[in-house]
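**Student:** Pasting a structure below so you can have a look.
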Amino acid sequence: MTQHGFTRVPVTQSHLDWLTQMEFFGKQSGGDPRQMKDDFAALELLRYPSGLAIIEENELTECIYILLEGSADVFRGGSKLATITSGAVFGELGIIIRRGSSAAVTAGEGCQAFRLGKNLLLNLQRRYPGLVPSLLGFAKKHLVHA
């Protein structure tokens with residue numbers, strides 16, 4: 001464990017294969033899966049203990065998270081809104097509209113998530129221009145429910 005409560009997990013080839021098959025990074029991003037795997041090597045994969053806050057409500061984050069395994073619970077005002085599972089993307093609103101998170105996300109059992117920082121995301125966006133519309137699509141879905 002780190003002082004933050006999460007543990008860094010080595011990213012394997014199977015993790016990279018999984019990412020290139022995701023809707024978020026899919027064909028609409030314009031990426032060649034072989035090249036994308038090289039670009040994704042800089043991603044962080046984090047394991048969170050159950051109950052640890054990944055994002056606090058109203059927190060301004062400059063990271064996007066992609067849930068690889070396990071689950072996480074979404075809360076607003078202390079009320080549980082949903083449980084999300086593998087493939088869920090969250091945290092993008094902080095980067096796109098620069099406002100605090102509309103909800104808290106707390107790790108459930110077996111929670112592992114990729115964390116993409118703003119700088120890595122900007123580098124990926126330059127190489128894969130289709131990534132921005134994909135990101136905006138996720139943000140639109142989240143704004144509708146915010």
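Only the coordinates and a few stated rules stand behind these numbers; no lab work does. Source: prediction; values computed, not measured. So basically every Cβ, Gly included, is an ideal-geometry build from the backbone, and we count neighbours across all protein chains shown.
**Student:** Treating the beta-carbon of each Lys and Arg as +1 and of each Asp and Glu as -1, no other charges, what is the dipole magnitude of the stretch 7-135 about its Cα centre, to the nearest 20 debye?
**Tutor:** Details: 13 positive and 14 negative charges, 56 e Å.
With only Lys, Arg, Asp and Glu charged at Cβ, the dipole is about 260 debye.
**Student:** Still on this structure, please answer the following. Of the listed peptides 45-51, 67-73, 56-62, what is their order by residue-averaged count of other C-beta atoms within 10 Å, with the highest listed first? All intermediate terms of the calculation are to be shown ahead of the outcome.
**Tutor:** Details: 45-51: 17.3, 67-73: 20.1, 56-62: 14.6.
Top to bottom by mean Cβ count within 10 Å: 67-73, 45-51, 56-62.
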